[in-house]
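Here the structure is laid out as structure tokens; the discussion comes afterwards.
The values are calculated or read from the model by the stated rules, or taken from the named source; none is laboratory data. Since this is a predicted model, take the numbers as computed values, not measurements. Counting neighbours? That spans all protein chains shown, and the Cβs are built from the backbone with ideal geometry, glycine included.
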Amino acid sequence: MIAGLWLGCNRTERLASAPLAASPGEPTQAQGTLPTLKLWLGAEEITAEQALSSIQIQTGLMFRKEMPENHGMLFVFDHPHRASFWMRNTVLPLTCAYIDPDGVILEIRDMKPLDEAAIQAASDRVQFVLEMNQGWFSRHKVSAGMVVRTERGSLQETYFGGK
């Protein structure tokens, strides 16, 4: 379901035709379902798995074969940065939303299955990334500038105890 985080290694960017052999320490299978929470994007409600640890973020939606329509994965980073995601060992077509510390969607980008080309955010203010099935954002009229909220309040309140 989810793409792996691109770590900036020196590598040739290419489109893979099948899942690649793992390097030492790299995920080799799908991770189990992570704890979830409800998110709201405007009037749209989704259930998001929470990728919080480095291994959860690295594995993401790799090797998963399906994801329900209103489900996704939210990647949570300790601090804002210029995020880059790729689709190594990810067969699901996904779209990612790069989100700032205030929960504002900065940009929405489509990703191709098994494509290892890094999809770098335009901003260095990305603290959260939400991956959904490809086309979900457009089907539900969710666009850049909208704010993501949780069942507990803002993303900052939910994950970092304040605004």
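Key figures for this structure:
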| item | result |
| --- | --- |
| Subset of the stretch 38-81 (residues that are crowded, with 21+ Cβ neighbours inside 10 Å, in contact with a Phe, Trp or Tyr (Cβ under 9 Å, 6 or more places away or on another chain) and not β-branched (Val, Ile, Thr)) | LEU41, ALA51, GLY60, GLY72, LEU74, PHE75 |
| Subset of the stretch 57-92 that is aliphatic (A, V, I, L, M) and assigned to a loop (DSSP other than H, G, I, E, B) - its residue that is nearest to PHE160 (Cα to Cα) | ALA83 |
| Selection from the stretch 82-107 of residues that are of a type outside the set (Gly, Ala, Ser), under 26 Å from PHE63 (Cβ atoms) and crowded, with 19+ Cβ neighbours inside 10 Å | PHE85, TRP86, MET87, ARG88, ASN89, THR90, LEU92, LEU94, THR95, CYS96, TYR98, ILE99 |
| Members of the stretch 42-52 that are among the aliphatic types (A, V, I, L, M) and over 16 Å from PRO68 (Cβ atoms) | ALA43, ALA51, LEU52 |
| Candidate set from the stretch 108-117 (those that are of a type in the set (A, V, I, L, M) and part of a loop (DSSP other than H, G, I, E, B)); member that is surrounded by the most Cβ atoms within 10 Å (Cβ to Cβ) | LEU114 |
| Residue match in the stretch 81-95 (condition: charged (D, E, K, R) and free of Cβ contacts under 8 Å to residues at least 40 places away in the same chain) | no |
| Close pairs from the stretch 40-61: first at negative phi, partner in a helix (DSSP H, G or I), Cβ under 6 Å, at least 6 apart | ALA51/ILE57 |
| Leading residue by the ranking (surrounded by the most Cβ atoms within 10 Å (Cβ to Cβ)) among those in the stretch 118-156 that are part of a loop (DSSP other than H, G, I, E, B) and either modelled with pLDDT under 95 or in contact with a Ser or Thr (Cβ under 8 Å, 6 or more places away or on another chain) (or both) | ALA121 |
